[in-house]
Amino acid sequence: MLALFLRCVTLIALSMLFGLPAAAQEGPDGIAFAYAPEQGSGMCSGQDPAGTIDCARKKCAEEAGSIEDCAPVAWCFPSGWSVAVGVMHKEGIHWSEYSCGWPSREAALAAGAVRCDTKYRDYIQDCVVGQLWDDNGQPVSLEGGQ
């Protein structure tokens with residue numbers, strides 16, 4: 001009887017830790033970004049963190065050529081608004097940074113501006129917001145509002 005009780009408690013704990021399968025969930029999606037420096041990037045949205053991150057890594061590998069080079073760099077649930085920033089170091093190396101989970105277009109753009117603020121990062125030569133995604137994971141034009 002104790003063994004059965006412990007199995008039930010273990011199953012309940014595991015289901016709370018890992019959640020239900022994505023098909024059983026309803027509600028907002030999360031968003032994941034993967035990045036391979038100077039090679040490629042990938043973005044996916046979904047409800048399952050592990051599956052969504054894996055999807056982003058696979059999309060990154062399509063550009064980079066190797067999934068091993070594609071590190072997960074951001075996951076937000078719910079996705080909120082997201083922004084990608086291209087950064088150039090004064091010594092010439094460059095990379096992308098991602099920030100997600102923002103409540104609005106304006107907040108995501110403000111997060112991008114902070115990432116590019118040389119008052120906080122004096123080693124930056126150049127920095128620009130390169131991409132914006134809405135709270136449904138859809139790319140949004142940087143021109144004008146939505």
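Against the numbered list (1) in a loop (DSSP other than H, G, I, E, B); (2) at pLDDT 95 or above; (3) among the charged types (D, E, K, R), Glu143 comes up short only at (2).
How many residues are open to solvent by less than 70 Å² (accessible area, probe 1.4 Å) and farther than 23 Å from Cys70 by Cα when one looks only at region 101-115? Outline the logic, then answer.
If we filter region 101-115 for residues that are open to solvent by less than 70 Å² (accessible area, probe 1.4 Å), which is where we start, we get 101, 104-105, 107-113.
Pick out the ones that are also farther than 23 Å from Cys70 by Cα and you get 104-105, 107-111, 113.
Qualifying residue count, region 101-115: 8.
Any chance region 4-14 includes a residue that's in contact with a Ser or Thr (Cβ under 8 Å, 6 or more places away or on another chain) and either at pLDDT 95 or above or surrounded by 10 or more Cβ atoms within 10 Å (Cβ to Cβ) (or both)? Before you say what the answer is, go through the steps one by one.
The first filter runs over region 4-14 and keeps only residues in contact with a Ser or Thr (Cβ under 8 Å, 6 or more places away or on another chain), leaving none.
No: region 4-14 contains no residue that is in contact with a Ser or Thr (Cβ under 8 Å, 6 or more places away or on another chain) and either at pLDDT 95 or above or surrounded by 10 or more Cβ atoms within 10 Å (Cβ to Cβ) (or both).
Determine if region 115-130 includes at least one residue that is more than 14 Å from Ile31 (Cα to Cα) and in a helix (DSSP H, G or I). Yes.
The residues on offer are Cys116, Cys127, Cys76, and the sole one that is in contact with a helix residue (DSSP H, G or I) (Cβ under 8 Å, 6 or more places away or on another chain) and not small (Gly, Ala, Ser) is Cys127. Among residues of region 116-132 that are open to solvent by 90 Å² or more (accessible area, probe 1.4 Å), those with a beta-carbon under 6 Å from a residue that is basic (Lys, Arg) at least six positions away or on a different chain give the pairs Gln125/Lys90.
Each residue in region 77-100 was checked for being under 22 Å from Gln47 (Cα atoms), without any contact (Cβ under 8 Å) to a residue 40 or more places away in the chain and open to solvent by 30 Å² or more (accessible area, probe 1.4 Å), and 0 pass.
The values are calculated or read from the model by the stated rules, or taken from the named source; none is laboratory data. None of the values given here were measured: they were computed from a predicted structure. Reconstructed Cβ throughout: ideal geometry from the backbone, glycine too, with neighbour counts over all protein chains shown. Ligands, DNA and RNA are excluded from the accessible area calculation, which covers all protein heavy atoms including side chains. Shrake-Rupley method; radii C 1.70, N 1.55, O 1.52, S 1.80 Å.
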